[in-house]
Amino acid sequence: MVNNKPTFETCCAFIRAFSSCMHDYLYVYDLTGDAYFIAEPALSRFRLPDCLFHNVVSTLATFVYPEDNDMLAADLQRLLSGEQSEHNLEYRWIGLDGSPIWINCKGRLLMSSDGHQLMIGCINEIGNLGKADNISGLLGESSLREHINQLLPATHDAMFLRIGIDDFKIINERHGTEYGNFVLREVAGCIVSCLSPSQSAYRIVSDEFMVADMSGADYDRMNRLYHDIRSAVDGVVAKEKYKAIYTISGGLLSFRDLDESLPDTVDEIMKLSEFALTEAKNRGRNQMYFFRPDDYDLFLRTRYVRSCLRQALADNFKGFELYYQPIVLPNDGQLFAAETLLRFQSPSGEPIFPMEFIPILEESGLIIPVGKWIIRNALAMCRKFREQYPGFMVSINLSYIQLLKSPMYEDITEALKDAGLPPSCLIVELTESGHLEDSIAVQNVWRKLREIGVSIALDDFGTGYSNLINIGNLKPNFVKIDRSFTLKALSNDYEHELLIHIIRMVHSIGLNLVVEGIETDDELRRITALNPDYIQGYYYSKPCPEKEFTEKYLR
């Protein structure tokens, strides 16, 4: 009679033969010989020493999640003692990146032909692998990744269209997840109905889908595909009698755009396609964005600067520095005030220009703690200067974000109290002053500052939001003429005459006028003849650090 009982070696050979045909991981554990063998693909997923290892209990402890070791050891002990003949346990192994991965390990005991007790079984990952999606009826992200991996790096004509449902969260909130799932199925159906035979669709995350085209499609073809899908979705919305109104955005990633920076990993493709879809949404939604490396480089640069700014705040504002530019009397150049200007260096020492980092401060909300730091340090400088210049004032710039999202009135009054200075020493200049018209809360802060004696300056008059209407709305103490307007007045008779009338008008309603951007003797002479109240510009000084400013004006 033939002995049908397998040996440990025949089990290992069987696992080797079939491991490439399975997503799960077959294993055999020789309890008698203290040896363990697992399918080779597990090495690329878990932190295993090798396919074959000995000293099984102690070796398992090196890649089993620490919190699960006792549970596993207790179950193995019951197997070794003969208390149980089957193993069925859900616990965690450690992945190659150190993250915990949930598995279900099943096995049963049998006796080998050489008298060894073996446990043969299978390990399944029970986390969300995303192989397929039962809601949309499409394959999932894991299947997409496998599909791409089969082609990389051979293809240079691939195109990926990442599609997202705009405001999908609102659909779930208003109509419930069941209707949300209905929308997902309908959008998936719209996508599939528009595909060509060479294209495939996947549901990747939440409300997002990916169309992969490996056949060398061109931009026009993919653009038509997006618009066909969008039209089909519009049809579904109408058929449902507009119960939920939603649109789709698309981000197109083409390998042809990437030249030498061709992504060679699935993760890179997913990252770039996600950026493309985000750009489509940021640019207004219900449209398709074509990936551009320049845009992505700008995105990476912005992310880098934001990271540097956050690091600076965490490190007690290291890298920030205040510069000051004098505001002087036009006839004798006597110091009247100084405008506070923020400068920043990255941790590597790279100077980052205000036009780059200030919008990032505002967008991220970091302008709020930085703004408080500016106020306190500018007032400390002002207190020092008022010992020699009793009427000296310091000017600071406030953004609309600061006024809207922080207790700016309280911050300023507290900083003035701590510095021992009167409100009359402070001038506040508001950028984007047109926003005042939109917010009663901001107007109240502005009014309260003015009432306690803080001076208000209307900055960059003649450009952007700074116009005649805002003189009435803001009731400022100072009007600052922007350099671009000044240059026009110095080179054009019409603009020159206009500046004369602006100065007369400002003086007629009791305001002070500051002309910015004076750089040469000729500019100073011609502007002084128009009788401004104050001058600011490189002619007297570029913005400079406090130490240099102090050496120049405090002797």
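The values are calculated or read from the model by the stated rules, or taken from the named source; none is laboratory data. Fair warning: this is a prediction, and the values are worked out from it, not measured in the lab. Reconstructed Cβ throughout: ideal geometry from the backbone, glycine too, with neighbour counts over all protein chains shown. Areas reflect the complete protein model, heavy atoms only, side chains present, ligands, DNA and RNA absent. Shrake-Rupley method; radii C 1.70, N 1.55, O 1.52, S 1.80 Å.
Summary table below
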quantity	calculated
Magnitude of the charge dipole, the range 491-541, Cβ model with Lys/Arg +1 and Asp/Glu -1, debye to 20	220
Gain upon complete extension [residue 59, residue 373; 0.36 nm per residue less C-alpha separation]	107.6 nm
Förster radius 35 Å - calculated FRET efficiency between residue 266 and residue 70, Cβ distance, rounded to 0.05	0.45
Structure-derived Kirkwood radius over Cα pairs in Å: which label, when the choices are [x] 23.9; [y] 30.0; [z] 26.4	[y]
Among 330, 298, 276 - extreme Cα towards positive end, dipole of the range 234-351, charges at beta-carbon	276
Given charges at Cβ of Lys, Arg, Asp, Glu: the range 1-132 dipole, positive-most of 53, 103, 35	103
Low-density loop positions, trypsin sites (Lys or Arg not before Pro), the range 198-303 - DSSP coil, at most 16 other Cβ in 10 Å	241, 243, 283, 285
Candidates per GluC sites (Glu not before Pro) in the range 310-387, loop by DSSP, up to 16 other Cβ within 10 Å	387
Using a Förster distance of 60 Å, the FRET efficiency for residue 142-residue 494 (Cβ separation, nearest 0.05)	0.30
Among beta bridges that DSSP assigns inside the chain, antiparallel share in %, nearest 5	70
Centre separation in Å (Cα based) which lies between the range 294-330 and the range 495-546	29
Of all accessible heavy-atom area on the chain, the percent that carbon and sulfur account for (1.4 Å)	50
Chain lengthening between residue 443 and residue 17 when straightened (0.36 nm per residue, less Cα-Cα)	145.8 nm
Å² of accessible area per residue within the range 1-130, as computed with a 1.4 Å probe and no ligands counted	55
Solvent accessible area, Å² - residue 99, 1.4 Å probe, full protein context	40
Computed lengthening from residue 414 to residue 181, 0.36 nm per intervening residue step minus Cα-Cα distance	78.6 nm
Out-of-range pairs (alpha-carbon distance over 28 Å; input 480/547; 281/480; 448/480)	281/480
Selection from 63, 7, 361 lying farthest towards where the dipole of the chain points positive, charges on Cβ	361
25 Å Cα-Cα reach of residue 106 towards lysines, excluding residues that sit fewer than 8 places from it in its own chain	5, 131
Check: the chain dipole with +1 on Lys, Arg Cβ and -1 on Asp, Glu Cβ, in debye	1220
Two-site label geometry, residue 170 and residue 451: point separation in nm, points 7 Å out along Cα→Cβ	3.8
Residue-normalised accessible area of the range 348-456, expressed per residue, 1.4 Å probe, Å²	44
Pair residue 348, residue 364: separation of 7 Å Cα→Cβ label points (nm)	1.6
